[in-house]
1. Which one of the conditions (1) surrounded by fewer than 18 Cβ atoms within 10 Å (Cβ to Cβ); (2) on the phi > 0 side of the Ramachandran plot; (3) in contact with a strand residue (DSSP E or B) (Cβ under 6 Å, 6 or more places away or on another chain) does residue 352 fail to meet, given that it meets all the rest?
2. Taking the criterion of being surrounded by fewer than 21 Cβ atoms within 10 Å (Cβ to Cβ), in the same structural domain as residue 295 (by TED's automatic domain parsing), within 28 Å of the chain's Cα centre (by Cα) and modelled with pLDDT under 95, would at least one residue in region 20-40 satisfy it?
3. Say we look at region 239-285 and pick out the residues that are assigned by TED's automatic domain parsing to the domain that holds residue 111, in contact with a strand residue (DSSP E or B) (Cβ under 9 Å, 6 or more places away or on another chain) and outside any helix (DSSP H, G or I); which of these is nearest to residue 109 (Cα to Cα)?
4. Having 2 or more residues that are under 24 Å from the mean Cα position of the chain (by Cα) and in the same structural domain as residue 34 (by TED's automatic domain parsing) is the bar; report the helices (runs of 4 or more DSSP H) wholly within region 382-488 that clear it.
5. For residues that are within 15 Å of the ligand (Cβ to nearest atom) and not in a loop (DSSP other than H, G, I, E, B), scanning just region 218-232, find the one that is surrounded by the most Cβ atoms within 10 Å (Cβ to Cβ).
6. Counting just the residues of region 158-175 that are touching a residue at least 40 places away in the same chain (Cβ under 8 Å) and not in a helix (DSSP H, G or I), which one comes out surrounded by the fewest Cβ atoms within 10 Å (Cβ to Cβ)?
7. Under the condition of being in a loop (DSSP other than H, G, I, E, B) and surrounded by 14 or more Cβ atoms within 10 Å (Cβ to Cβ), which residue from region 176-198 is farthest from the ligand (Cβ to nearest atom)?
8. Would you point out the residue of region 124-150, among those that are surrounded by fewer than 19 Cβ atoms within 10 Å (Cβ to Cβ) and touching a strand residue (DSSP E or B) at 6+ places or on another chain (Cβ under 9 Å), that is farthest from residue 197 (Cα to Cα)?
Ligand code: F6P
């Protein structure tokens, strides 16, 4: 560690924080004050978030007090943005039109690998093994751009549950299969264990050179090579790429093999356009900043504990887990960079499901539950299928749900409705109490002209930067994940105990009674 320990003033001591919090409490959702931001071709409608002139000014002053401009430059220029791990978080350079030489060379190698495989029509099947950031982005992109015209078949194995790997291997011909191991660290238990199964499966198929059927993307090429993967099949990423941002690297090899290198390049171009917007747009027009400040107001002032993501696009089914990792692994912290408690609630629970399924699952809770949650509606103006009536219905549902959350329904309206529906004068007021809808529940509407690699890339970068801005306000490091690391260490010890090893005196004592009991019990199976 070379960087000095930062000396950050506590958020709650800042007069700018008090001003922001007071303004957020006094502000309201101004449903007739249209606020739509154009960010890299995406429309971000924040009309449904609380707003006031004072809140706008207070937000800007708060970011200035948190040295936002300087921290953004550090992030975008590859400075040390991840202080607790003493390294950069330079995912933006991976998608830059003119990246540093090392990145350009790796991009080129990946494209060449795909070009060659395509020209030889090699690898009918791909098994992609990786977890978290080495998995969700690839699933998301392949699901989004589908298999139309694609002749390769892709299976995923992330979970350490053997059923995942069993399903991934079932029925495939090893001679036509490439196993891709994506792991920045090349030490992740799930990936190595699943990889080991794949390696055995290739060997059992009697292949002359099983290593030729494997590729790896990692920041530890030495470990991948020692594992038996040929050098020509190892693609590099760098320690300054966080796992949850690694989609922009050769981790997208599987995407390129499945749905083309053009998809990967298109996503990178869209993300780079959003990076420019984030770097240059003024505060009031800057979509990631505005979404972030609305999020801080919702979470830290207005007390909303969660953020619901509602993509009204069936193809974006994996967007929710992708954003869960991005947001919750980044902002699920309560200590600031100086090591002090942040003092206000930080990252929300992120959850959701594509609409309209979500409407029949949990939207009732959003409408009339006691807590409620802000919702990010995401929809494409144009569809890519040939049934316009489906798309009209989808768009209508998206707008209707949002309108209900925003405008609600008064007691009088509900009573009239009940009377019209045939209730008598005695039952109508009683029924009306059940039908009242408070309204005023915050939401954003993100409209993509259509789902293309470019717009998806821009959308993901929009959320990345939103998360970054929130981390600046709260003063936390969004680029580490010590909690996850701790869980991994404990699991390693318990694996050994389940395999029969006796814990050292300290470890044994550290287990609680229940864990001790179940270790004993599971040992018998
Ligand atoms: O979940 C923790 C984490 O470290 C993520 O940040 C990362 O995406 C995932 O594990 C996988 O890590 P790796 O790519 O090193 O296998």
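The values are calculated or read from the model by the stated rules, or taken from the named source; none is laboratory data. Keep in mind it's a predicted model, so treat the numbers as computed, not measured. Here Cβ is always computed from backbone atoms with ideal geometry, including for glycine, and neighbour counts include all displayed protein chains.
1. Of (1) surrounded by fewer than 18 Cβ atoms within 10 Å (Cβ to Cβ); (2) on the phi > 0 side of the Ramachandran plot; (3) in contact with a strand residue (DSSP E or B) (Cβ under 6 Å, 6 or more places away or on another chain), only one is false for residue 352: (1).
2. yes
3. Only one residue tops the list, namely 249.
4. Correct list: 388-407, 453-474.
5. Result: 218.
6. Top of the filtered list is 173.
7. Of everything passing the filter in region 176-198, 186 is farthest from the ligand (Cβ to nearest atom).
8. 147
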